[in-house]
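A short reminder: the numbers here are calculations on the coordinates, not readings from a lab. Quick caveat: nothing in here was measured; it's all calculated off a predicted structure. Here the Cβ positions follow ideal geometry from the backbone for every residue, glycine too, while neighbour counts run over all protein chains shown.
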Amino acid sequence: MPAPKNVLLIVVDQWRGLMLPKLGADYLKLPNIDRLCAEGVTFRNHFTQAVPCGPARASLLTGQYVMNHRAVQNTIPLSLRFTNLAHELRRGGYDPALVGYTTTTPDPRHTAPSDPRFFVLGDIMDGFHSVGAFENRDAYFGWVAGQGFELPKNRDDVWLPQGAPGAGATDRPAVIPKELSDTAWFTERGLTYLRGRAGKPWFLHLGYYRPHPPFIAPAPYNAMYRPEDMPKVVRAASPAEEAKQNALLAYYVNNINQASFFQDGKAKGSAMSEAEVAQMRATYCGLMTEIDDHLGRVFDYLKETGQWDDTLIIFTCDHGEQLGDHHLLGKIGYFDESYRIPMIVRDPRAEANGARGSIVERFTETIDTMPTILEWLDLPVPRQCDGHSLLPFCEGVTPADWRTEVHYEFDFRDLHYSKPETALGLSMDKCALAVVQDEAFKYVHFAALPPLLFDLKKDPGQFVNCATDPAYAAIVAEYARKMLDWRLGYAERTLTGYRATPKGLEVRAA
């Protein structure tokens, strides 16, 4: 009888892609993720297809570019006409379990306006079996209260720093102790699920909220890193200078507040000093190490129960975080810090032994995740998927026709918490940008603003827009063509392989 095939898909939130010791971030203490890198393959140039959370996770779990699934922002619905990873796993006999969230808003054509899911940021994607939902946080806070911890009237205040308010970026510990943190809760939910499987094959989406803000860490993680050891901020000499690059960037430089990141932060994000940015980064790293410690518990359980060598493990993220670079906080705009994300794949098969511990430099994308999982489980990859399996890289092989560029998109229409559409005087459906990026250049195309071009060899920090320089006119035209080629080649194609013939329905492969 063949051994069971299990999949552990670890999805963290807002983790910058190059912040792994394997990729040079030697100031980080992540021994368990390092262990995963040593036994798997690490992808240096892995990019999400969108920010923020909702569209990024829609791409991750449908295998589609944003231009195809069109769940372009948080709170915007995902069409039910698309399949997703959970539905495909069910066709293969799996009951896909989920700890965490997918930030999915349901298709309004298939439910009522009074559906409670329309009153929150997002809910669970159709097809998943939730064993630890975090969308409304009731389950987490109920667990905290059940442990004897007295919750404040405003439950989110557990993430405030201890002591007087008004801390901003701080090394003070969170009100909540580490034993009751959301990271501990996610891990407990995941381990509870795994213990109950009793040897049956499983798929688990193990999500974590961190290192997503608020950037307050429980003790001892709050003081684990020194601000002076953090990498220096990459930004123009002043917010005003940064804002000159583009009208959208100017809006964000001038309108992001610290309150969403530190609970009690009062000033604009662009007003942060270098010392404040360094402290923020130190706390962010502490939240990373907290996740690493808990992943160690999960990895140890799989080894103790003999499941380590039957389990495909993927560690990835929805999107990155600006962390003060370009005078920005959060995940917005068009800079790499928001879009480059971690990707580690540990394939337990013997065929993957030769590539263990390697780093892949080629461009990979979050849409590659779903095809990778399905191929590993010997399940068909739906035609809707725009991505490609990463398993050849795990076997030490680079496909001859692999992509030489990445594409990602950002929609900046007005939402209840952000109003760039109004500020810029644009129509809703013109509030969009798309990026094509390779090793040499990065081209940003706007629907209703002038384009941007960055010469990445000369200007890796992406401060100088070359799109208006006559010397780069031919390159702007070339990359605009690349953008059009991409859109034509990846236009939504779920049904375009079907056709009627005199002999009846015909289905063509790609």
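Overview of results
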quantity: Alpha-carbon Rg/Rh ratio, for the chain, with Rh computed the Kirkwood way; calculated: 0.95
quantity: Prolate/oblate/rounded label for region 333-396 (Cα gyration tensor, a/c 1.5); calculated: oblate
quantity: Per-residue HN-Hα couplings for region 295-312 [Karplus 6.51, -1.76, 1.60; θ = phi - 60°; Hz; x = Gly/Pro]; calculated: 4, x, 5, 5, 4, 4, 5, 5, 5, 4, 9, x, 9, 4, 8, 10, 10, 7
quantity: Cα→Cβ-extended label distance, 7 Å offset, between Arg383 and Ser358, nm; calculated: 3.3 nm
quantity: Förster radius 41 Å - calculated FRET efficiency between Ala423 and Arg155 (Cβ-Cβ, nearest 0.05); calculated: 0.80
quantity: Helix-only [θ]222 nm of the chain, DSSP H runs n ≥ 4, -39500 (n - 2.57) each, per residue, nearest 500; calculated: -8000 deg cm²/dmol
quantity: Where trypsin sites (Lys or Arg not before Pro) fall in DSSP loop in region 442-485, at most 10 other Cβ within 10 Å; calculated: Lys457, Lys458
quantity: Label-to-label distance, nm, for residues given as Lys200 and Ala267 (7 Å Cα→Cβ offset); calculated: 5.6 nm
quantity: Under 5 Å, built H, 5+ apart or other chain: amide partners of His212; calculated: Asp13
quantity: Cα-only Debye scattering, region 231-327: base-10 log of I(q)/I(0) at q = 0.25 Å⁻¹; calculated: -1.35
quantity: FRET efficiency for Asp401 and Arg481, using Cβ-Cβ distance with R0 set to 22 Å, rounded to 0.05; calculated: 0.70
quantity: Simple spin-label estimate for Asp95 and Glu241 in nanometres, 7 Å along Cα-Cβ; calculated: 6.0 nm
quantity: Average silhouette area of region 262-318, convex hull of alpha-carbon atoms, in square nanometres; calculated: 5.7 nm²
quantity: Förster-model FRET efficiency, 30 Å R0, Thr111 and Tyr490, C-beta, rounded to 0.05; calculated: 0.55
quantity: Normalised convex hull volume, region 58-171, alpha-carbon set, Å³ per residue; calculated: 172 Å³
quantity: Net length gained if the chain between Val120 and Thr192 were fully extended (0.36 nm per residue, minus Cα distance); calculated: 23.2 nm
quantity: Distant-in-sequence amide H partners of Arg413 (H built 1.01 Å from N, under 5 Å); calculated: none
quantity: Vicinal HN-Hα couplings computed from phi for region 209-225 (Karplus, 6.51 cos²θ - 1.76 cosθ + 1.60; Hz; Gly/Pro x); calculated: 7, 9, x, 3, x, x, 7, 10, 10, x, 5, x, 5, 4, 10, 6, 10
quantity: Karplus (6.51, -1.76, 1.60) ³J(HN,Hα), θ = phi - 60°, over region 352-362, in Hz, Gly and Pro reported as x; calculated: 8, 4, x, 9, 4, x, 8, 10, 9, 8, 5
quantity: Relative contact order [Cα under 8 Å, 6+ residues apart], region 6-507, whole percent; calculated: 22 percent
quantity: Dipole magnitude (debye, nearest 20) for the chain, charges at Cβ of Lys, Arg, Asp, Glu; calculated: 740 debye
quantity: Antiparallel bridge percentage (DSSP; both residues within the chain; nearest 5); calculated: 55 percent
quantity: Amide H partners (placed H, <5 Å) of Gly100, local residues excluded; calculated: Gly132, Ala133, Phe134, Gly207
quantity: Trypsin sites (Lys or Arg not before Pro) restricted to region 69-112 and DSSP loop, no more than 13 other C-beta within 10 Å; calculated: Arg81
